[in-house]
Structures are given as structure tokens and as C-alpha cells.
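K.L.:
Just dropping this structure here.
The values are calculated or read from the model by the stated rules, or taken from the named source; none is laboratory data. It should be emphasised that the depicted structure is a prediction, and the values quoted were computed from it without experimental measurement. Here Cβ is always computed from backbone atoms with ideal geometry, including for glycine, and neighbour counts include all displayed protein chains. Please note that ligands, DNA and RNA were not included when accessible areas were found on the heavy atoms of the full protein model with its side chains. Shrake-Rupley method; radii C 1.70, N 1.55, O 1.52, S 1.80 Å.
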Number of protein chains: 2
Amino acid sequence: MNQARIKRVTEQMRRQGLTQILVTSTASIYYLTGFWVEPHERMLALYLDEDGRAVLYGNAIFGLPSTSELPVITHSDGEDPVGHLAAAVRPGALGIDKFWYSKFLIGLLSHRSDVTPVHGSDPVDLCRKCKDDMERAAMCHSSSINDQVMASAISALREGVRENELASLVNRAFLARGADCEGTQLVCFGPNGADPHHSGDGTVLQPGDSVIFDIFTPIGRYWCDMTRTIFYRSAGEKQRQVYELVRRANEAAEKAVRPGILLSELDSIARKIITDGGYGPQFTHRLGHSCGMECHEPPDVSDASHVPLESGMVFSIEPGIYLPGEFGVRIEDLILVTETGYEVLNHYPKDLQIIG
Amino acid sequence: MNQARIKRVTEQMRRQGLTQILVTSTASIYYLTGFWVEPHERMLALYLDEDGRAVLYGNAIFGLPSTSELPVITHSDGEDPVGHLAAAVRPGALGIDKFWYSKFLIGLLSHRSDVTPVHGSDPVDLCRKCKDDMERAAMCHSSSINDQVMASAISALREGVRENELASLVNRAFLARGADCEGTQLVCFGPNGADPHHSGDGTVLQPGDSVIFDIFTPIGRYWCDMTRTIFYRSAGEKQRQVYELVRRANEAAEKAVRPGILLSELDSIARKIITDGGYGPQFTHRLGHSCGMECHEPPDVSDASHVPLESGMVFSIEPGIYLPGEFGVRIEDLILVTETGYEVLNHYPKDLQIIG
């Protein structure tokens, strides 16, 4: 148990009027207890009250040891997964972690009509938002690996290559440099780049294609996440114009980062440049997301996110323009907020690049 | 929209007294609409009423086209993701898909205190449980690829190899044969095999190790999932004894498969053999899980799963024995229930094998 973190979480609970919460995300439980468990469809929940009393409820298959500091109450595959938990929570408001499965919440409520579920992730998420020194070092390291892997991926572009070959190459390059696991890397050629979430398939590289590499992985549990768009063989006038607009939006938002400014202001700065350039409707998503032990963490970087920046926050700045049937451009860095300004964690260049 | 499937789902809804449900899993939405969307932390929900009226609610970033058959109502990143949905659902019981995030359910309930959430996955899950001819063919194909990849993985065992190298090799072998993506493959050497969920790390192969390969991937959206345990260089008396016990449990449960028998009976058959052999407490998990467009689907194969087998069901039979600090053994096949019995979808041999 990390008692210093527990204490910060309970302070946040008091500030928000929460007397009890269920922490259920793998990363949040790890953050507080040191146990990393991916429960998949099985039940795992850390009950925490405002005095810092913690009890972990989970399936016996996870093999977690019970201690006096952190009692572990287990159930087996055949048992009601929320039975013990339902017997233990107090009446009234119960903060629920955002991604807990509804099947467990509905099960809990069916036992306990005197419990009112409320949003309960903030106490932990607000602590996780500002990375401590160890976490900052881990994220700098991950992003420096990402710079290397991006260089490998871009240098592997050649006639006939398929998106999923490059995605596989990116995974291998990450693993060889210490990544925790393989994942779905986004590699998009030409028109595929107009879908912000396209993942690498059998599409073959064509001369004149834009190529989006949006690559990310956890290394030592902390994620990197970077996007570069480059051009294969040639770049037309429209491609160049769109690229420069996105680059300007990315750089202007990054330069504005400092403690006190709102995340929503960063979104506005980037969005105004793209809108003034005539592509506002084609910038279809938020500017970015926070990042840490999960690739996407709250708070997000959107026009609705009126959260002032604080030292230690790490988030992406990733404006994009998507032209269905034609191509897409996205440029993304991770940014660390420092006491006086910011540090860009990615160093792979952003000048327009034509390969091959 | 697959109207035949919608009709079967609404029949199930009536049988269960549900007048409205929210379908939110990627695979279930695909099963009914043909749209495959992985929403990650964003909101996507298919509202379905007992007359088969369907409306899809989701983030605009998914780019889903609205039609008269399936109206799509979108929100942007900055908007309340459940606002439109809250305005549309009827008072009373609302079936909720099992893995919907609590943050959305709590958001919905904060708008609508006249709505009571109830378990709502069964109508779709009961339809998905029995695979149709196309689905059976897809699963046979996936498992035949798995046989090939298992053979490649086992033949790659050699002095000095690390678990995560083999996991990466398995992913590449799957991809080369048409897998949809890469994933976390379970490769466990020696004592690591005593953790049923250990995933491949930097552990180096040692003579005398048991080696568990639990490998799985979707191919054409349908999963394969197979486990084999083999021995490197030698197998001691205890390893042989435990192996044969697990193999007998696996084979006895498989031979009992036929329409009408209960899933829980299969669990009992395997568990009795392992218990009689003296290792009951070391068989720490359910016998298996159903499989289809998700690797783990309901119903599970456990002592609590009193579900009679029907033709078209596909599930795993995967008994295991886990000896902390020593080794583990697990043997898993996917089984298809046929009109008169069963078909084992995996053909990689299960005789005790010593390699190297």
C-alpha cells in the first residue's frame, strides 16, 4: 500500500463529499496498492473509505495475498462476484470508478437499494493527473524510445509494403526496447488516414500517399504516444497546405503550455488555426488526452475541459485534418507541464518529410 | 441491419420481460448492425425496443452513417455523451449490456430517476451463443490456423529463448496467416506456469521447464484459443503425473459433450478426475468459457453454469493444475457442439511431448 497516495486520495474524497469509493481500474489499483491485475471479465474492486480503510475484493484466481494493511476478500468463479462487497458497503452515496462494468454495479444495486452510485473516479484520477518525479522519468524514457521506433518505422517505408507489416515492425521495435506488450498500432496509407481510428490492414503503400504513424505502448507501465504524418515519393499542393496547417496548430498549442492556462484554451488555440485555414469541420476530434499508466487518461484536452494546467501533467497535443476519400494528417506529441512552462517529450522532427 | 437477428433478439426480450435494452459491446453491435466500432472510452450504444426499433447513439468521431433503418444520433467530444439517450429511453426497466461503463450508466440515471437499470445482455448473448453456419466455418478456420501457429511456436523452443520472444513469434505467425491484430500471448516457462494469467516476459527457458502456450487471436473477427503444455529437454515424475491427470480431465470432459448435458456437468467431470488425483485445490479456475467474436463469451463452463448444451455452441475445455514455485499444466481445446455430439476444433496432439 502506498499510504502517501492513499492520504492524498482521501483528502480529495473529503473535498468532494465522498465517504466511500470503489476503485476498479487496473492502473488505479496498482497506483494505490502495488498490485497489477488485469481482471478481464472477472470482478476486482478496491473499497476505500474516507479514513483510508481499504479492502480489496476480487476473484481468487488473481492470487492476491491478504495482509492486515490490505485485507483481500475473494470469491470463486461460481460465486456471486459482488456478494461480499454488497455486505460491506455503507448506505448512501458510493463513488464508482468510471469503467467498472455495469453488470457489477447492477448486481450490487440489486442487493443494496440503500446505496446510490455516483461518479467516483475523480479522487484517484486527480492524484494520478500530476506525475511525480519517478513517473516523469518513466514517461520521458518511454517517449525517447518512441522517437527511436518512429525513426525505424519511417525508414522501413518501401514499395509494396503493407500497413500491417509496418504495425508489426513497430511492435517488434518497441518490444526489443523494453515495451511491456504488443498492441494495435495505427498505420494509415492515403485515404485510410481520413479515418482517425483506422488500424493497419493489408493496404499497400502507393506513391503520393500520406502515411500516418500513430504509435504507442507502455514501457515500464508508462505510455508513450506519438503521431507523425509523412509523404511517400511526393506530396501535392493540398497535402502540403494541410500538413503545414496541422503543424502550425500543433506547435502553437504546445508553445502556449504553462501552469494556469486551461486545457480548453489549448484546444481553442489549435482549432482556431485550423478553422482559419478553412478546415475546421475536418478537425473532428478533441485536441488530445492525458497520458500516464493508461494511454488515455482524464482530463481530456477539449473545448469542454476547463482544467487549469499544473506542473506534472502529461497530455497529448494532436490536431488533425481528415479528408474522406483523400488523405489525413495528424501530428501528436506528449507534453509535460513544468513549473515554468513545458517540455515536449517527443523529439522526432515535424518538418514536412517526403520519403523514397 | 440484420433483421433476422433483431427478430430473434426481440423474441428473447419478450421472453425475459424486457421492453427496451441498450446493446453496447462492439461485437454485439456488429452482430446486429454490421458496424464494427471500438469506442474505447467514448460512448456507443444501440437502443433496441421490443418491436425491433433501433437507434444508435455514439460519438461523431466514429463516422457512422444514419439511415432510415438505423438512425444514428451523434454527440461530439465536448458534449454530454448520454444526453440524447437520456431524452429517448422510456421510464421503467432498461436492460443494460454487461460491460457498459458505469460512468455512462450513472450519467444516464442522473438524468432519469424514473429508469431502473437491469441486466440486459442476455437477449443478444443467447442469440450469439449458438453459432450459425457462417460462424462455425469461421471458427473452424481460426482454430486450424491456431494448430499451425502452435506447431511453429513449439518448434521454436531452443536454449536461451525468452518468453516474450516466443509471444512475439506467435503474433507474427498469426498475422502472416490472416489474424486481425496482435495481442498478448501467454507463454510461461517453469514456475511462471503456476500463474494461470502470466504473460510472456523476459524469462529464459531452462532445461526441465514445463512450457505453457496459451495462444489466441481473432481471424475474420472469430477467435481461436488453444493451450498446450510441453516439456523442454526432460520431464520429471511429478510433471508427467500432473500432465496425464490434466490430459485425462480434458479428454473426459470433451467426450461427454452432447446436446442436453449441462456446462456445469462438464466442469464436474473434469474436476472430479483432478480431485481424485489429489490436485483439486490446485485446479483454481472454471473449466472454460464460450468463444466467438469475443475470446471470452457467456455462458462460462463452471460449476455454476447450469446451461444445457445446444448445437452451435462453441466453448473451451481447459483444465489446469498450478503448483506455485514449481510449474503449471493446462490443456485447452475449443469444442463445437453438433446435432449429435461434438467436434474438437483443435488438432494439435495432446500426448506428452518432450522437446530439445
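K.L.:
Compare the Cα positions of A:SER110, A:ALA156, A:ILE145 along the charge dipole of the range A:102-161 (+1 at Cβ of Lys, Arg; -1 at Cβ of Asp, Glu; about the Cα centre) and return the one farthest towards the positive end.
P.N.:
Of the candidates, A:SER110 comes out farthest on the positive side.
K.L.:
Treat every Asp and Glu Cβ in the protein assembly as shown as -1 and every Lys and Arg Cβ as +1, leave all other atoms uncharged, and give the resulting dipole magnitude about the Cα centre to the nearest 20 debye.
P.N.:
Charge dipole of the protein assembly as shown: 60 debye, to the nearest 20.
K.L.:
What are the ³J(HN,Hα) couplings of the range B:196-203, residue after residue, when phi is run through the Karplus curve with 6.51, -1.76, 1.60 and θ = phi - 60°? Round to Hz, x for glycine and proline.
P.N.:
x, 10, 4, 10, x, 10, x, 4
K.L.:
Over the range B:3-128, what is the mean sequence separation of C-alpha contacts under 8 Å (at least six apart), divided by residue count, expressed as relative contact order in percent?
P.N.:
28 percent.
K.L.:
If you don't mind, another one. Return the long-range amide H neighbours of A:HIS289 (sequence gap of 5 or more, or a different chain), with a cut-off of under 5 Å between placed amide H atoms.
P.N.:
For A:HIS289, whose amide H was placed from the backbone, the distant partners under 5 Å are A:VAL301, A:SER316.
K.L.:
A further question on this structure: If ligands, DNA and RNA are left out, what is the accessible area of B:VAL204 with a 1.4 Å probe, given in Å² to the nearest 10?
P.N.:
Surface accessible to solvent at B:VAL204 totals approximately 60 Å².
K.L.:
Would you mind getting the accessible area per residue of the range B:3-128, heavy atoms of the protein chains only, 1.4 Å probe, in Å²?
P.N.:
Accessible area per residue: 39 Å².
K.L.:
Which of A:LEU309, A:ASN250, A:PRO299 sits farthest toward the positive end of the charge dipole of the range A:248-329, with +1 on the Cβ of Lys and Arg and -1 on the Cβ of Asp and Glu?
P.N.:
Going by the charge dipole, the pick is A:ASN250.
K.L.:
Compute the length gained on full extension between B:HIS40 and B:THR340: take 0.36 nm times their separation in residues and subtract their Cα-Cα distance, giving the result in nm to one decimal.
P.N.:
103.9 nm
K.L.:
Please state the charge dipole magnitude for chain B, taken about the Cα centre, from unit charges on C-beta atoms (+1 on K and R, -1 on D and E), reported in debye and rounded to the nearest 20.
P.N.:
With only Lys, Arg, Asp and Glu charged at Cβ, the dipole is about 280 debye.
K.L.:
From a point 7 Å beyond the Cα of A:ASP114 in the direction of its Cβ, which residues of the range A:34-63 have a backbone N at a distance under 19 Å?
P.N.:
From the range A:34-63, the list is A:48-50.
K.L.:
Computed on protein heavy atoms with a 1.4 Å probe, what is the summed buried accessible area for the chain pair A and B, in Å² to the nearest 100?
P.N.:
3300
K.L.:
If we sort A:274-285, B:280-291, A:62-73 on the protection proxy, mean other Cβ atoms within 10 Å, highest first, what's the order?
P.N.:
Top of the packing list down: B:280-291, A:274-285, A:62-73.
K.L.:
Still on this structure, please answer the following. Quick one: grab the alpha carbon gyration tensor of the protein assembly as shown, order the square roots of its eigenvalues as a ≥ b ≥ c, and give me rounded if a/c is under 1.5, else prolate or oblate depending on whether a/b is larger than b/c.
P.N.:
rounded
K.L.:
Below 8 Å between Cα atoms, with a sequence gap of 6+, how large is the relative contact order for chain B in percent?
P.N.:
Dividing the mean separation by the residue count of chain B yields 14 percent.
K.L.:
Springs between alpha-carbon pairs under 10 angstrom, Gaussian network model over chain A: which of A:TYR101, A:TYR30, A:TYR243 fluctuates most?
P.N.:
A:TYR101
K.L.:
So for B:LYS7, A:LYS238, what's the accessible-area order with a 1.4 Å probe, most first?
P.N.:
Largest to smallest exposure gives the sequence B:LYS7, A:LYS238.
K.L.:
Evaluate peptide A:93-100: per residue, the Cβ atoms of other protein chains within 10 Å of its Cβ; return the mean as an integer.
P.N.:
4
K.L.:
I'd like the GluC sites (Glu not before Pro) in the range A:252-356 restricted to DSSP loop residues with at most 11 other Cβ atoms within 10 Å, sorted by number.
P.N.:
A:GLU339
K.L.:
Could you pull out the pairs from A:LYS103/B:LYS129; B:LYS98/B:LYS272; B:LYS7/B:LYS98; A:LYS238/A:LYS350 whose alpha carbons sit more than 23 Å apart here?
P.N.:
Beyond 23 Å between Cα atoms: B:LYS98/B:LYS272.
K.L.:
Tell me what chain B gives for mean residue ellipticity at 222 nm when only DSSP H runs of n ≥ 4 count, each as -39,500 (n - 2.57), the sum divided by the residue total, rounded to 500 deg cm²/dmol.
P.N.:
-10000 deg cm²/dmol
K.L.:
Further, regarding this structure: For the pair A:ALA304/B:LYS255, report the inter-label distance in nm, with labels modelled 7 Å from Cα in the Cβ direction.
P.N.:
Placing both labels 7 Å beyond Cα along the Cβ direction yields 5.9 nm.
K.L.:
I would also like to ask the following. Separation between the A:THR275 and B:GLN206 pseudo-spin-labels, each 7 Å from Cα along Cα→Cβ, expressed in nm?
P.N.:
Distance between label points: 6.3 nm.
K.L.:
Top mean-square fluctuation among A:ALA86, A:ALA253, A:ALA153, Gaussian network model of chain A, C-alpha springs under 10 Å?
P.N.:
Answer for the Gaussian network model of chain A: A:ALA86.
K.L.:
Right, next: What residues qualify as long-range amide H neighbours of B:THR284, i.e. H under 5 Å apart, gap of 5 or more or another chain, H built at 1.01 Å from N?
P.N.:
Those lying under 5 Å, H to H, from B:THR284 are B:TYR322.
K.L.:
Springs between alpha-carbon atoms under 10 Å, Gaussian network over chain A: tell me which of A:ASP195, A:ASP77, A:ASP49 tops the mean-square fluctuations.
P.N.:
Highest fluctuation of the listed residues: A:ASP77.
K.L.:
In sequence order, what are the phi-derived ³J(HN,Hα) couplings for the range B:235-242 according to the Karplus relation 6.51 cos²θ - 1.76 cosθ + 1.60 with θ = phi - 60°, rounded to whole Hz, with x for glycine and proline?
P.N.:
9, x, 4, 5, 4, 5, 5, 5
K.L.:
Please check the range B:281-304 for residues whose accessible area, probe 1.4 Å, is lower by 40 Å² or more when all protein chains are in place than in their chain alone.
P.N.:
Those are B:ARG286, which lose 40 Å² or more relative to the chain on its own.
K.L.:
Considering the rotation that carries chain A onto chain B, locate the chain A residue whose Cβ comes closest to its axis and report the distance in whole Å.
P.N.:
Closest Cβ to the A-to-B rotation axis, residue and whole-Å distance: A:GLU182, 2.
K.L.:
At 7 angstrom along the Cα-to-beta-carbon line, where would the label on B:GLU339 sit relative to the other copies? Give the distances in nm, shortest first.
P.N.:
7.9
K.L.:
Measuring from centroid to centroid over Cα atoms, what is the spacing of the range A:205-256 and the range A:2-61 in Å?
P.N.:
Centre-to-centre (Cα) distance: 38 Å.
K.L.:
Tell me the carbon and sulfur percent of the accessible area for the protein assembly as shown, rounded to whole percent, probe radius 1.4 Å.
P.N.:
Of all accessible area on the protein assembly as shown, carbon and sulfur atoms account for 52 percent.
K.L.:
Something else: Can you run phi through the Karplus equation (6.51, -1.76, 1.60; θ = phi - 60°) for the range B:286-303 and list ³J(HN,Hα) in whole Hz, with x for Gly and Pro?
P.N.:
Once θ is set to phi - 60°, the couplings for the range B:286-303 become 4, 6, x, 8, 6, 8, x, 6, 10, 5, 10, 10, x, x, 7, 10, 9, 5 Hz.
K.L.:
Here's another thing I want to ask about it. What full-extension length gain, to one decimal in nm, is calculated for A:GLN241 and A:ARG158 as 0.36 nm per residue of separation minus the Cα-Cα distance?
P.N.:
Computed gain between A:GLN241 and A:ARG158 is 27.4 nm.
K.L.:
Around A:TYR243, under 12 Å between beta carbons, what's the net of Lys plus Arg minus Asp minus Glu among the other residues?
P.N.:
+4
K.L.:
I would also like to ask the following. Taking a label point 7 Å out from Cα toward Cβ, give me the nm distances from B:SER144 to the same spot in the other copies, shortest first, one decimal.
P.N.:
5.0
K.L.:
Let me cross-check B:LYS129: its accessible surface, 1.4 Å probe, with only protein heavy atoms counted, in Å² to the nearest 10?
P.N.:
Accessible area, nearest 10 Å²: 20 Å².
K.L.:
Suppose all protein chains stay in the model; what accessible area per residue would a 1.4 Å probe give for the range A:130-355, in Å²?
P.N.:
35
K.L.:
Please give me the summed charge of the neighbours of B:ASN146: other residues whose Cβ is under 12 Å from its Cβ, Lys and Arg +1, Asp and Glu -1.
P.N.:
So the environment of B:ASN146 carries a net charge of -3.
K.L.:
Still on this structure: Which value, in debye to the nearest 20, describes the size of the charge dipole of the range A:40-126 about its Cα centre when Lys and Arg Cβ atoms bear +1, Asp and Glu Cβ atoms bear -1, and nothing else is charged?
P.N.:
160
K.L.:
Averaged across the residues of A:164-175, what count of C-beta atoms belonging to other chains lies within 10 Å of each residue's C-beta?
P.N.:
3
K.L.:
If you don't mind, another one. Putting +1 on Lys and Arg Cβ atoms and -1 on Asp and Glu Cβ atoms, find which of B:TYR31, B:TRP100, B:THR74 reaches farthest to the positive end of the dipole of the range B:3-128.
P.N.:
Final value for the positive-end residue is B:TYR31.
K.L.:
Any idea what the B:ARG233 label distances to the other copies are, label 7 Å down the Cα→Cβ vector, nm, shortest first?
P.N.:
5.3
K.L.:
Roughly how much of A:HIS197 is accessible, in Å² to the nearest 10, using a 1.4 Å probe?
P.N.:
70
K.L.:
Partner chain Cβ atoms within 10 Å, averaged over the residues of B:102-112 - can you pull that number for me?
P.N.:
Averaged over the peptide's residues, the number is 5.
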